[in-house]
Amino acid sequence: MKTKIAVFGRAETIERVHTFIEEYENIEILPFTYSHSKEVTEMIENAFMCDVYLFTDPLSYSYAREKIKRKKLPAVVVENDEYMILSSLYRLKQKYSQELNRISLDILNGKHMEEVGKELDFNEKQIYSYSYGKDESPDIEKIASFHKKLWDDGKIDYVLSSSKEVESHMKNYGIPVSAMIIPDINLKQAIQQANSLTVLNQSKGAQLVTGYIRIKDTEAVHAEKQEIYEENIYKLKQILIHFGKQSDALLSHNRNDHFVIVGTKKLLDHLQNHYRNFPLLSEIQSTLSMPIDMGYGLGLNAKESEENALLALDKSSKDSRSLCYIVNERQDTIGPIGIKRDIDTSNLFHALIHKARLNNELSYNFIDFITDRNNEPFSSNDIATFYKVTKRSAERTVNKLLTGDVIRVSGEERPYLKGRPRKLFTLN
């Protein structure tokens, strides 16, 4: 299977990326072309089938940075480094017979400009630079105002910008300007980095699952119903021992009367296969005379899965009933699982027909699918399995549902040892 790289950039830059991709047989490009870099914040949602996100413009990455970090998306940014600045300055020198000594520049990382200054000895020149990487959020107007003030004060004769949008602003002001050109080698290195990042992600180990189970209101129960509490603790332990053997999970009992269960793929498969009817929760409810809290956390290491399990446990504790929640590595909350949910199938059918443009058969199939899963998050792979169709066919259905606003992206899972993460969807 080919590595899918979502490339965000202007048309001319993406065209250059296409030429460099030809030497990679295992890479497929999905272009996302914009005219304004802030458009990437919406475009990211449409790149859900991609393995890695490649930003050809650091400014566009700045707009998407918070969403990338929050969703933990694998992202690569084309470097605007010393080589790019030096090559741009060289082009200016070639273009003008007289050397320009009064210039204003903007760049993501000011350290690159400092290194260039040492290399070219800027002491006898008036070179001003603006580093927008230190800003909390990107602001084209702020960068443009920086250059314009220097021009209005008579301190510069030229602007060299890393952004086409800033270049456009300068031209509107009548200020001499040109945009830096990304060197070929910088694009090639970014493509190689994106490819390597995918290989690294695919080689990571299995996802770890940590579960916390406890009887609600422990302190109050200890004081008033000690014997009943201890009897329920014993019964709960026996149920969990049996469950641990079934799911190849390790069970322990800590000082705070939390039962801790740790497992990998088999435990995760069990959780995913029982969104609607969670036998463990049902057995506990029918055996114990006291309600329990149950939370599972997913992660790529023990610390991450434990922290997410505590978040899930806290969510469960907000209700007086026995509930179970799952928090994945992106800290998306799934649940409560094992509780039947009401679905307005009439309105859903109407949306499938008129918004997603599905035919009657596919619409009825999807309703069966979503009710069978109890309206829990699903992937395109889940649809393919349920419909018994190819993954490509399932992806086409998912795209129709997304286009019709019937579903939305709700998170991502890592249920297997290798392969890109599956995007999760829920009804919108």
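Kindly provide the helix-only [θ] at 222 nm of the chain, computed as the sum of -39,500 (n - 2.57) over DSSP H runs of four or more divided by all residues, to the nearest 500 deg cm²/dmol?
-14500 deg cm²/dmol
If you add up the charges near Val40, with Lys and Arg at +1 and Asp and Glu at -1, over every other residue whose beta carbon is less than 13 angstrom from its beta carbon, what do you get?
-2
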Q | Packing rank of 59-65, 225-231, 150-156, where each peptide gets the mean count of other beta carbons within 10 Å, highest leading | A | 59-65, 150-156, 225-231
Q. Among residues other than Val389 whose Cβ falls under 15 Å from its Cβ, what is the net charge (Lys/Arg +1, Asp/Glu -1)?
A. +1
Q: Two decimals is fine: what's Rg over Rh for the range 224-274, C-alpha atoms, Kirkwood radius as Rh?
A: 1.07
**Q.** Set of lysines near Lys225 by C-alpha distance (under 30 Å), chain-local residues within fewer than 8 positions excluded
**A.** Lys216, Lys235, Lys237, Lys315, Lys318
Q.
Within the chain, what whole-number % of the accessible surface is contributed by carbon and sulfur, with the 1.4 Å probe and all protein chains included in the calculation?
A. 47 percent
Q | Accessible-area ranking of Lys38, Lys125, Lys111, largest first, probe 1.4 Å | A | Lys111, Lys38, Lys125
Q. So which of Lys95/Lys142; Lys148/Lys188; Lys142/Lys188; Lys4/Lys164; Lys142/Lys171 end up more than 24 Å apart by C-alpha?
A. Lys95/Lys142; Lys148/Lys188; Lys142/Lys188; Lys4/Lys164
Q) Where the only charges are on Cβ atoms (+1 Lys, Arg; -1 Asp, Glu), what is the dipole of the chain about its Cα centre, to the nearest 20 debye? A) 800 debye
Q: For Lys71, go through the aspartates and glutamates and keep the ones whose alpha-carbon is under 17 Å away, minus same-chain ones fewer than eight residues off.
A: Glu42, Glu45, Asp51, Glu304, Glu307, Glu329, Asp332, Glu412, Glu413
Q | Amide proton proximity set for Ser410, modelled H, under 5 Å, gap of 5+ | A | Leu424, Phe425, Thr426
**Q.** Stretchable slack from Leu427 to Tyr387, in nm (0.36 nm times residue separation minus alpha-carbon distance)
**A.** 12.6 nm
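Rounded to the nearest 0.05, what FRET efficiency is calculated for Tyr234 and Asp372 with R0 set to 51 Å and r the Cβ-Cβ distance? Don't skip to the answer; put the middle values down first.
Details: r = 36 Å, r/R0 = 0.70.
Efficiency, from the Cβ-Cβ distance: 0.90.
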Q.
As a test of the definition: which semi-axes, in Å, follow for the chain when you take the square root of five times each eigenvalue of its alpha carbon gyration tensor? Largest first, please.
A. 53, 26, 19
Q: Give me the compactness ratio for the range 276-369, meaning the Cα radius of gyration over 2.2 N^0.38 Å.
A: 1.41
Q. So what's Rg/Rh here for the range 112-171, counting alpha carbon atoms and using the Kirkwood radius for Rh?
A. 0.97
Q: Only bridges with both residues in the range 227-376 count here: give the DSSP antiparallel percent, nearest 5.
A: 55 percent
Q: Taking a cut-off of 19 Å between Cα atoms, list the lysines near Lys400, but don't count ones fewer than 8 places away on the same chain.
A: Lys355, Lys388, Lys391, Lys423
Q: Grab the other residues whose beta carbon is less than 13 angstrom from that of Tyr83, score K and R as +1, D and E as -1, and report the net.
A: -4
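The values are calculated or read from the model by the stated rules, or taken from the named source; none is laboratory data. Quick caveat, the model's predicted, so the values are computed rather than measured. Cβ sites come from the backbone with ideal geometry, for glycine too, and all protein chains shown count toward neighbours. Ligands, DNA and RNA are stripped out before the accessible areas are found, and what is left, the full protein with its side chains, is counted by its heavy atoms. Shrake-Rupley method; radii C 1.70, N 1.55, O 1.52, S 1.80 Å.
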